[in-house]
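The values are calculated or read from the model by the stated rules, or taken from the named source; none is laboratory data. Keep in mind that what you see is a predicted model, and the values were worked out from it rather than measured. All Cβ positions, even for glycine, are placed from backbone atoms using ideal geometry, and neighbour counts span all protein chains on display. Calculation scope for accessible area: heavy atoms of the full protein, side chains included, ligands and nucleic acids excluded. Shrake-Rupley method; radii C 1.70, N 1.55, O 1.52, S 1.80 Å.
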Amino acid sequence: MEPAVKITCDAARPLVPSYLDGELSEAQASPLRTHLLDCPACRETAKAGKALARWFVPEAAPAVPAGFAARVARRAFAGDPGLLVPEPRPVARVRPLLPFLLVASAVAAAVLLGLAIALQRESLPRESALDAREMAPPWLESERRLESELRLEGELRPQAVPQADR
């Protein structure tokens with residue numbers, strides 16, 4: 001039996017990944033195992049490496065059903081795109097909004113113009129009502145009407161109304 005070879009931490013740390021992957025010979029692995037049993041710092045390094053190696057363990061290939069390749073080839077040659085989600089229905093063509101708004105604006109402008117002309121004709125005075133001499137101002141009309149009503153009732157005495165110079 002050979003005496004155990006002692007190695008240092010600096011020599012042991014680079015060997016840990018190879019040891020975990022099983023790449024070291026028994027002559028290299030034996031002194032490293034002895035060192036890992038004696039050194040807690042190197043032992044923690046080996047534990048961390050082992051935990052990290054678990055993430056990279058290859059999984060077994062999934063089993064492919066019999067005839068799968070033939071079914072895929074048959075569907076591909078038949079023109080099947082192989083979509084799991086059905087294709088969306090084509091969207092109806094959206095008509096542009098601008099032509100509609102232009103026509104609507106023109107119609108609204110024509111209606112407003114027609115209303116403005118109709119109102120203008122209605123608000124103009126008639127030809128017969130243009131004579132200023134036949135009509136008295138509204139404030140004089142109301143005073144005369146009031147005076148005539150009061151005279152009829154007898155409450156107001158006739159007063160001399162001064163005549164304005166013409």
Qualifying positions in segment 64-74 - within 44 Å of the chain's Cα centre (by Cα) and either basic (Lys, Arg) or open to solvent by less than 90 Å² (accessible area, probe 1.4 Å) (or both): Ala69, Arg71, Val72, Ala73, Arg74
Close pairs from segment 66-84: first without any contact (Cβ under 8 Å) to a residue 12 or more places away in the chain and of a type outside the set (Asp, Glu), partner loosely packed, with under 10 Cβ neighbours inside 10 Å and in a loop (DSSP other than H, G, I, E, B), Cβ under 7 Å, at least 6 apart: Arg75/Gly82
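From the list Val111, Val85, which residue is among the β-branched types (Val, Ile, Thr), open to solvent by less than 100 Å² (accessible area, probe 1.4 Å) and out of contact with any Gly (no Cβ under 7 Å at 6 or more places or on another chain)?
On the way: Val85 fails: open to solvent by less than 100 Å² (accessible area, probe 1.4 Å).
Going through Val111, Val85 in turn, just one is among the β-branched types (Val, Ile, Thr), open to solvent by less than 100 Å² (accessible area, probe 1.4 Å) and out of contact with any Gly (no Cβ under 7 Å at 6 or more places or on another chain): Val111.
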Count - residues of segment 20-33 that are assigned to a helix (DSSP H, G or I), surrounded by 10 or more Cβ atoms within 10 Å (Cβ to Cβ) and over 56 Å from the mean Cα position of the chain (by Cα): 6
Selection count where residues are open to solvent by less than 90 Å² (accessible area, probe 1.4 Å) and assigned to a helix (DSSP H, G or I), scope segment 34-63: 13
